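Input: a single structure, listed below in C-alpha cells.
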Amino acid sequence: MKKIFFRLTAILLFLSASVFADGIEDMQGLNLQNIKIPFYKDEKLQMLIFADSGRRKERLMVSDDTFLDILLESADVDKIPDGWRTKLYPLGADLTDILKFWGKRYRISDAVIFTSQCAIDQKDEMVSGDRPIFLRTPMFDLDGTGFKVDFRRQIIEIKSDVNIILRSSDMDPRRILTGTPIPREKRIVTATSNELRLDRKSNKIILIGNVKVVDGRNTLTCDRLTVFTDPEEKNKTSLNSNDEKAVLNGVSRVLADGNVILTQYPEDPAKIATEMQASQSDHLEYDAKRGIIILTGDNNDPTLTRGSDTELRGKRIELLRHEDRMFVMKDCRITSLVRDSRGILLYARRINSDRANFDGKNNIANFHGNVVAVDQTSTLTTDSLRVHLVQDEKTSSHKLNLIFANGNVKIVSRSEKDVPGNPGKKVVSHSTIASRQAELNFRNNKIVFYKDVKVRDESAALDCDRLDLFMTDRPDDKATEISGAPMAAGMEGRNKSINRMVAKDNVTMISGSDELKTDMLTFFFRDLPPGEKPSPGMIQSGGVQLVKIKCDGSVQASSQTEQDGVKITRVLKSTNAMSDLIKDYSEFHGDVTVIDGNTEIHCRDMYIFTGASPINEVIEENTPQTEEKDEFDDEDLDADPFALDMGENSVPSRIAISDNRDLKRIVCQKQVVLLRRDKKGRIQRAGGDRAVYTVNTREVVLTAERPNRPWLRSEGRKQFCDIIRSDLATEDLRGIGNVVVMPDNQK
C-alpha cells in the first residue's frame, strides 16, 4: 500500500506541474522547489530525478542541482534515500570515500549522475545539458561536459572532456561492503576522450577523439575506442598481460581504430629506452574471452617495437596474451639494431619471412616461408628458421642462444680485402655455404651444417655431408666482423672469431685445377696478435688467419698442370695429412702415393716444405712430427746430409703452389719406392728408407738406414749403392758409392 501511495504522489506532483505549464501561458516561469520525478519502464520504477529547483520551459523542465538515481532492478523503493543536495566524491577519490558513499546505496543504485543544470523531457524520457556531468557507479566513475541521457534507448552521451576511472573487480564496493577484504594493491584504469557514448542496451561504450587509456604500465591511444561488455561474463581481464586481477571486469571485446598506439613501459624508468614496448596500427581488436589482440592496417602495416632498437612489422599481427604468444600472419619483417657496450650503433640485423610465430614463455621465434636474415657481413636464406633466445641474468635482456635453419639453407658472407699493390683500396669478396639444415649455437660457439653441404668462395669449393664451425669469444675492444673463411657466415661477428672448421664425410675440396677428397677435413684459425701483419699469401681477413689444415681417412689430392704442351695430372694419396701454413710444410702419413705424370712415389711418411724457409734445415728422421705434437713445435723435419749447397748466384727452378708460396722440398720416409717411365718408355724403379726432392736442383736423393741400402732396378738389372740421385730435368737416375749390380729376375 505504501509503494502505491508513493508512486501516485510522485505522478500527481509531476502531472500538476505539466497541467499548469500546458494550460496557462503565464505560468511558464513558475519556479518549483525540491522536485522529484520518477521514470518507469513496464510499470517498474527505473530512475528517480531529484532537483533543488526547476521551472517549466515549453515541454521541458529545466532543473538546477539535479541528481539522477538509476536504480537496480532489485531495489526496494521503500529504502531509496532522497537525492537532494547529495554530494558526490571527486574523480580519483580514495577507496575509503568511495565505500562511504556506496555504503548507503549499493543495494539500491546501479549508477548516479549529478549536474548543476539540465533539461528534463519526461515525454521522450530524455535528460540533457551543456554543463559538467558527474557519473558514479560501483565499478567506474566519469566526469565530462555536456550530455544527453536517453532512458528509453538506454544511451548516455558525453559531448566533451571525458575522464573515466575504472576499478578492478576486487575494489568493487559491493564486494567489500559484503565482506570481501580491501585489496592491498588498488588497481585502476583511467581513460580520457573528447566524446563518449554509453549504450547500456547494446552493452557498448564508445570513446571518440583523442582517446587515451592508462592501465598500470600500459597506455592505449587512438581516435576511436569501442568497448563491448558482457554482464554475464565471469572472466577477469585487463589490458596488462601481467595482471592477475581484473580491471575491465566483464569486458568481452575492444575495438580501437585510427592511429592506435599500445605502449607498455618497464618498471624501471631508466630502462625506457631499451625495454619499452609499443604497437602501432590502424586497427586493434581485443577478444577478451580468447585473450587475443589483433593488429591490422589499411595503408600502413602494424608495427611492434621494443626500446629504440627492435621493430617488427606484418600485415596482420595476433597476440595471445594468456599464452604469451604472438603470430605474424603475413609478410613478417624484423629489424634489430646491434650496439656495442658503449651504445654505439654497429649494424642492423633484419629477418623477413612469409609468416612467423613467437613463444614468449619459452623464448622461441619461428619463421616460415622465404626466410631471409641479413646482418653486417652475411645473408641467410632458408625455408624455415627457429630462433631460441636466453635471458641475461644481469641485464634481463634477451640474447641469441640457438638458431635452427631447415630447408634450402644458404648463407652468403661478405668481407673486404686489401688490393695488392694499391694501399687503402678494398675489394669486396663473397663466400657461400648451402645445406639442407643448419644449427647455430651461440652459447657454445658452434655452427653445424647438415646434408648436402656446399661451400663456395672466389678461390675454392668444398662439398661434404656435415660441416662444423667452432668459434671463440673476442674482447669487445677487438670486436670486428668474422671472416677469413666462408664458414664464418651467420654468427654474431662483432665479438666472435672462427677457431676451427671440420668437414666430415664425402669431403671434396676444389681450388682451380686442384681437387682434394677425404673423409674428414679440419681447418685451424687464429687471431692475429696485436700489431702483426698477416703473412703474404696467407688466407686471412678481419684479423683471423688460417694456420693449419688436417685430413683424416682416405686422403686423395689431385691437380692438373701443363708441361711441354701436355696436360699432366698429379695425384697424392694417403691415410691422413696435415699442412702447417705458419711453418710452411705439410705431412702425409699411411700408404702415401704420389703420381706425377710418368713418375710415382710410394712411402709411409711424406713431408712437403713450401714458402721462404731455408734450404738446409735439420730433420730428425727417427722422430717425425705426429698429429699429437703442438702445431707450433719448432722441431725441424728437413735434415738432408746429401743436399746440395747452392751458391748465391744460382738461379733455382720455381714451382708456385699459391700466391707468394713456392714448393721448396719434399721428404719421403719409410718404404720409399720411386717409379719412373722415361721418354723411351723404359721403367725405372728405385727404393730406400728416405728420399729428398729439392726443387731448385730438380733432383731426388734416395738413402737408406744401415744396414739397408738404397736400390735401383732398370732393364733387368738391380743395383745397390750408398746414394741414388735422380735428375728430373735430364731423367738421369744413377747410384753413387759402393755400387753393386746384379741381374734382376723380378718382373
- Message: Once R0 is set to 30 Å, what does the formula 1/(1 + (r/R0)^6) return for the Cβ-Cβ distance between Val740 and Ile568, expressed as a FRET efficiency to the nearest 0.05?
- Response: 0.30
- Ignoring ligands, DNA and RNA, what percent of the 1.4 Å accessible area of segment 69-157 is carbon and sulfur? 48 percent
- Förster-model FRET efficiency, 22 Å R0, Thr178 and Asp82, C-beta, rounded to 0.05: 0.35
- Item | Local net charge near Lys504, Cβ-Cβ under 10 Å (Lys/Arg +1, Asp/Glu -1) | -4
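Mind checking segment 301-364 for trypsin sites (Lys or Arg not before Pro) that DSSP puts in a loop (not H, G, I, E or B) and that have at most 13 other Cβ atoms within 10 Å? Don't skip to the answer; put the middle values down first.
Numbers: sites: Arg306, Arg313, Lys315, Arg316, Arg321, Arg325, Lys330, Arg333, Arg339, Arg342, Arg349, Arg350, Arg355, Lys361; in loops: Lys315, Arg321, Arg342, Lys361.
Answer by residue number: Arg342, Lys361.
Can you give the FRET efficiency for Ser429 and Lys670, using 1/(1 + (r/R0)^6), R0 = 30 Å, r = Cβ-Cβ distance, to the nearest 0.05?
Values: r = 42 Å, r/R0 = 1.39.
Using R0 = 30 Å, I get an efficiency of 0.10.
By the scheme Lys and Arg +1, Asp and Glu -1, what is the net charge of all other residues having a beta-carbon under 14 Å from that of Asn299?
-2
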- Task: Would you list the P(r) distribution for segment 49-160, with all Cα-Cα distances sorted into 10 Å bins from 0 and each bin expressed as a whole %?
- Result: 14, 46, 35, 5, 0
- Query: Carbon and sulfur: what percent of segment 658-747's accessible surface (1.4 Å probe)?
  - Reply: 46 percent
- Task: Could I have the simple spin-label model distance between Val338 and Arg290, label points 7 Å from Cα toward Cβ, reported in nm to one decimal?
- Result: 3.8 nm
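Cα-Cα over 29 Å: which of Lys123/Lys204; Lys517/Lys679; Lys289/Lys399?
Working: Lys123/Lys204 25 Å; Lys517/Lys679 31 Å; Lys289/Lys399 33 Å.
Going by Cα-Cα distance, Lys517/Lys679; Lys289/Lys399 fall outside the 29 Å limit.
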- Item | Cα point-scatterer Debye curve for segment 134-194, base-10 log of I(q)/I(0) at q = 0.21, 0.26, 0.27 Å⁻¹ | -0.85, -1.03, -1.07
- Message: I need the P(r) histogram for segment 664-737: all alpha carbon pairs, bin width 5 Å from 0 out to the longest distance, whole percents.
- Response: 4, 17, 29, 27, 17, 6, 1
- Message: Keeping every protein chain present and rolling a 1.4 Å probe, give me the accessible area per residue for segment 256-324 in Å².
- Response: 51 Å²
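Given Cβ point charges of +1 (Lys, Arg) and -1 (Asp, Glu) and nothing else, what value in debye, to the nearest 20, does the dipole of segment 288-388 about its Cα centre take? Intermediate results must be reported in sequence, preceding the final value.
On the way: 17 positive and 13 negative charges, 47 e Å.
In debye, rounded to 20, segment 288-388 gives about 220.
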- Quickly work out the Ser459-to-Arg436 label distance, labels modelled 7 Å from Cα along the C-beta direction, and quote it in nm with one decimal. 3.2 nm
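Quick one: length gained pulling Glu705 to Lys212 fully straight, 0.36 nm per residue minus the C-alpha distance?
Numbers: separation 493, 0.36 × 493 = 177.48 nm, distance 9.49 nm.
Full extension of this stretch gives 168.0 nm more.
The values are calculated or read from the model by the stated rules, or taken from the named source; none is laboratory data. It should be emphasised that the depicted structure is a prediction, and the values quoted were computed from it without experimental measurement. With ideal geometry, Cβ positions are generated from the backbone for all residues, glycine too; neighbour counts draw on all protein chains shown. In case anyone asks, the SASA skips ligands and DNA or RNA and just uses the protein heavy atoms, side chains included. Shrake-Rupley method; radii C 1.70, N 1.55, O 1.52, S 1.80 Å.
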